[in-house]
Amino acid sequence: MEASIDVRELRKRFGTVTAVDGLTFRVEPGQVTGFVGPNGAGKSTTLRILLGLDAADEGAALIGGRPYGALRAPLLEVGALLDAGAVHPSRRGRDHLLWMAHSHRIPVRRVDEVLELVGLGGAARRRAGGYSLGMRQRLGIAAALLGDPPVLLFDEPVNGLDPEGIRWIRTFLRALAAEGRAVLVSSHLMSELEDTADHLVVIGRGRVIADTSVRELLAAASGDRVEVRTGDRTRAMTVLSTAGASVAATGRDLLTVSRLDAERVVALLGEAGVPFSGVAAHRATLEEAYMELTRDAVQFAADSEPQFSRPSPEPAPPREGGAR
């Protein structure tokens, strides 16, 4: 089976709401592909259609070139973690995996292998109801790996994990892709995807906004901006603006400059005698790039600078018997 995910002109409506609107993208083998977008963008619906949990109105969602319903042994072809709570609380972790393994004639030794692989070997015989959220996440990942599938889908895999667990899943996902698997990760944590994903599919309102490598996206978001650290922001802003730059104060002693390269910035500040301690090309974070891309695709947004006011004190009740 080919290790790939193909989504082609996918559409799904719920009543009058269009959740997915002509979505097209491909997840290649050997890569971790981040799947991101604001709440309501259509990510969960797309994953559910890929796994045969919802039916598309139009288009196709294929795993290894076939729809999920056509897979003869799904656990051996695609592994997925959508809901870490999808295990009966009274069932022991190992028994949960044994039941899944039995359905696909997967050897018992594989159950113990994946439990050790995700760090649950010592908790295998505990009931899932006593697991922490992070432990349930690890059990879900073990279930996804049970059939050693070439395609993997994870929805918020770091949810509930402690810092050690987050570092582990980051390394683990990259190792899975290095084995030639197609790995699709839906997440809201841009900082994690920046260190993990090779490729990014950004969607908004059910449509693809960007389909690009993380490296290319960060390069485009960084642009030609230069960061200047100076103890005299006012003079520096005046000198650089006069030379045609666009200058923004982005910190107490930090400026972000556009339309002038670093060499020209250094020359101008030196000639004007403006003190500065550093000039460097600006490197955008994945979160900055993502926020810029999805700015117009957010359905529900709070004020960026909410104003809080204290409630007016209620008047004191009149004293019994009136004033004295």
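The values are calculated or read from the model by the stated rules, or taken from the named source; none is laboratory data. Since this is a predicted model, take the numbers as computed values, not measurements. A quick note on method: Cβ atoms are made from the backbone with ideal geometry, for glycine too, and the neighbour counts reach across all protein chains shown.
Key figures for this structure:
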{"quantity": "Every pair of residues 6+ apart whose Cβ atoms lie under 9 Å, when the first sits in region 93-113 and is on the phi > 0 side of the Ramachandran plot while the second is at pLDDT 95 or above", "calculated": "none"}
{"quantity": "Test: residue in region 287-295 that is within 30 Å of THR242 (Cβ to Cβ), of a type in the set (D, E, K, R), modelled with pLDDT of 55 or more and surrounded by 10 or more Cβ atoms within 10 Å (Cβ to Cβ)", "calculated": "yes"}
{"quantity": "Matching residues in region 53-93 - criterion: being in contact with a Phe, Trp or Tyr (Cβ under 7 Å, 6 or more places away or on another chain) and surrounded by fewer than 16 Cβ atoms within 10 Å (Cβ to Cβ)", "calculated": "none"}
{"quantity": "Lone unmet requirement of (1) aliphatic (A, V, I, L, M); (2) under 16 Å from ILE141 (Cα atoms); (3) out of contact with any Leu (no Cβ under 8 Å at 6 or more places or on another chain) for VAL114", "calculated": "(3)"}
{"quantity": "Region 18-30 residues that are assigned by TED's automatic domain parsing to the domain that holds THR46 and closer than 21 Å to VAL78 by Cα, paired with ones that are of a type in the set (Asp, Glu) and surrounded by fewer than 16 Cβ atoms within 10 Å (Cβ to Cβ) (beta carbon under 8 Å, 6 or more apart)", "calculated": "LEU23/GLU9; THR24/GLU9; PHE25/ASP211; PRO29/GLU2"}
{"quantity": "Residue that is surrounded by the most Cβ atoms within 10 Å (Cβ to Cβ) [pool: residues in region 37-46 that are within 14 Å of the chain's Cα centre (by Cα) and closer than 19 Å to VAL151 by Cβ]", "calculated": "LYS43"}
{"quantity": "Subset of region 80-104 (residues that are part of a helix (DSSP H, G or I) and touching a helix residue (DSSP H, G or I) at 6+ places or on another chain (Cβ under 7 Å))", "calculated": "GLY93, ARG94, HIS96, LEU97, LEU98, MET100, ALA101"}
{"quantity": "Within region 180-252, strands (runs of 3 or more DSSP E) holding 2 or more residues that are free of Cβ contacts under 8 Å to residues at least 24 places away in the same chain", "calculated": "207-213, 246-251"}
{"quantity": "Within region 208-223, considering residues that are touching a helix residue (DSSP H, G or I) at 6+ places or on another chain (Cβ under 9 Å) and of a type in the set (A, V, I, L, M, F, W, C), the one nearest to GLY40 (Cα to Cα)", "calculated": "ILE209"}
